[in-house]
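Worksheet: the structure to be examined is printed underneath.
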Amino acid sequence: MNSKLKVLQFIPSLKVSDGGTTTYMQQLAPSLGKLCELHVCVSGNLEDCVPLEGCEVHSISGGLLHLNTMKSQWLALLEQIKPDVVHVNCCWLPQMALVSIWTKMHFKGRPNAPKLFLTPHGMLEPWILSRNYWTKKLPAILLYQRRAIGICDCIIATSEEEKQHIIELGWNTHVSVVQNGIDVEKVEVKTSWSDPCNLLFMSRVHPKKGLEILIDSLERLYQKNPDSKVQLSIVGDGDLPYVDRLKSMVNNRSLTNRITFVGPVYGNSKWDLIRKADILILPSYSENYGLIVAESLASGTPVITTTGTPWHSIQSESCGWWVSPDVESLLKVLESLDNLTAEDMKNMGTKARLLAENDCSISAKVSLLYQLYISNNT
């Protein structure tokens, strides 16, 4: 008889274009699957999903036009697996809330009811909440989101900052912190460093990522120092109108020879770009974690990021910069790059890898998550 804890995780999709949440599941599943019987369910077509190790992947119907079908399929999956833990990922889509609500209602009064976990993945951060608040967020809060969060047995935040923000909402105070992580040992470290000229932005191209202020900062840098060798590659996908707006911004300021839009890059090509870059830059207004930062550190590439992320350790460990998400703060960092040598970058890169080994290992994070599952399931 299989005595392993049964865990069913639900996530909207596992498309490669989903970025951080898909990468999170790819890192999580192999390690978590060693500790429990792990099932992962998506809403939609399995053919669109990246492969996951260490688990069995299921799908249920997606879309608001198929809610009755979705509900019956979800309840059937619950009865088939009989999970000890149901762990929902992400917020704001009605499907995410309904899965939580359906689970609680289905097992109401039963002694074998699974414990319900939620990882918002930064989607309850103040910056996210404030966007389209009156037209999208408030209706969702009133209709389903607040209830779905309130019924959870445990909310998983990925930083102390995110935990505090969730508690301040007042919807659910049962919040624990489990940082994301990566399989650091599998990440190849770069073997050479150069003077810091080539900046790499690699993430979803989205307004919260601060690309406008980065472009403003670079424009001012070039105005003050026309001979600056600093260049930026923007790697990632996003909504076409927003990407086009950024491209127009760069073109109108005659920066196309210094700022390049590469588009999305995946697999080995992604890791090659991280290692070839002198510095990774993530100027976000809000990040619950930022897996690309961990990936860059593990590769030995120093990082520039902002206080909108939980990465204060890169500054305290002297392997990058952690500054306010504004033009002046970014400009000061960019100006300071001219004073750094390849040897400086090598020293920072060595410390970056050490920080990744000490703080970013996925096995330690998964062990903590598993202990939360057990403690909340007894």
>> As I understand it, the value is the acute angle between the Cα axis of helix 20-32 and the longest principal axis of the Cα atoms of the chain; what does it come to in degrees, rounded to 10?
In response: 60
> For LEU240 and SER324 in the same chain, what is the full-extension length gain: residue separation times 0.36 nm, less their Cα-Cα distance, in nm?
Replying inline: 27.5 nm
>> Could you work out the relative contact order of the chain? I mean the mean sequence separation of Cα pairs under 8 Å and 6+ apart, divided by the number of residues, in percent.
In response: 16
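With all protein chains present, how much of the accessible area of the chain (probe radius 1.4 Å) comes from carbon and sulfur, to the nearest whole percent? Intermediate values should be presented prior to the final figure.
Details: 8320 of 16890 Å².
Carbon and sulfur together cover 49 percent of it.
Taking 0.36 nm per intervening residue step and subtracting the Cα-Cα distance, what contour gain separates ASP195 from LYS224 on full extension?
On the way: separation 29, 0.36 × 29 = 10.44 nm, distance 1.96 nm.
Gain on extension, ASP195 to LYS224, equals 8.5 nm.
Taking only C-alpha pairs under 8 Å that are 6+ residues apart, what is the relative contact order of segment 199-336 in percent? Don't jump to the answer; show the numbers that get you there.
Details: 217 pairs, mean separation 39.6, N = 138.
Answer for segment 199-336 is 29 percent.
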> Once the Cα atoms of helix 342-359 and of the chain are each reduced to a long axis, what angle between those two axes, in degrees from 0 to 90 to the nearest 10, is obtained?
Replying inline: 10
> Which stretch or stretches of segment 290-308 have amide N atoms under 18 Å from the point lying 7 Å from GLU188's Cα along the Cα→Cβ direction?
Replying inline: 295-302
> Considering the zone a paramagnetic label at ARG131 would reach in this model (a point 7 Å from Cα along the Cα-to-Cβ line), which residues of segment 221-262 have amide N under 15 Å from it?
Replying inline: 237-246
> Using the alpha-carbon centroid of each, what span in Å lies between segment 268-299 and segment 177-207?
Replying inline: 3
>> Explain nothing, just compute: Karplus ³J(HN,Hα) = 6.51 cos²θ - 1.76 cosθ + 1.60, θ = phi - 60°, for every residue of segment 138-151 in order, whole Hz, x for Gly and Pro.
In response: 4, x, 5, 4, 5, 7, 8, 5, 5, 4, 5, 6, x, 8
> How many nm is it between the label spots at HIS174 and GLU56, if each spot is 7 Å from the Cα in line with the beta carbon?
Replying inline: 2.7
> At 222 nm, what helix-only mean residue ellipticity would the chain give, in deg cm²/dmol to the nearest 500, using -39500 (n - 2.57) for each DSSP H run of four or more?
Replying inline: -12000 deg cm²/dmol
> Any idea how far apart ARG253 and ASN68 come out in nm if each label point goes 7 Å out from Cα toward Cβ?
Replying inline: 5.4
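Taking square-rooted eigenvalues a ≥ b ≥ c of the alpha carbon gyration tensor, is segment 189-318 rounded, prolate or oblate, where a/c under 1.5 means rounded and, failing that, a/b exceeding b/c means prolate?
Values: a/c = 1.41, a/b = 1.25, b/c = 1.13.
Rounded.
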> Which ³J(HN,Hα) values in Hz, rounded to whole numbers, follow from the phi angles of segment 60-75 under the Karplus curve 6.51 cos²θ - 1.76 cosθ + 1.60, where θ = phi - 60° and Gly and Pro get x?
Replying inline: 10, 4, x, x, 5, 7, 10, 5, 5, 5, 4, 4, 5, 5, 5, 5
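Please work out the average accessible area per residue across the chain, using the 1.4 Å probe convention, and give it in Å².
Working: 16890 Å² over 378 residues.
Each residue of the chain exposes 45 Å² on average to a 1.4 Å probe.
The values are calculated or read from the model by the stated rules, or taken from the named source; none is laboratory data. Because the structure is a prediction, the values reported are computed rather than measured. Using ideal geometry, Cβ is built from the backbone for each residue, glycine included, and neighbour counts are taken over all protein chains shown. Calculation scope for accessible area: heavy atoms of the full protein, side chains included, ligands and nucleic acids excluded. Shrake-Rupley method; radii C 1.70, N 1.55, O 1.52, S 1.80 Å.
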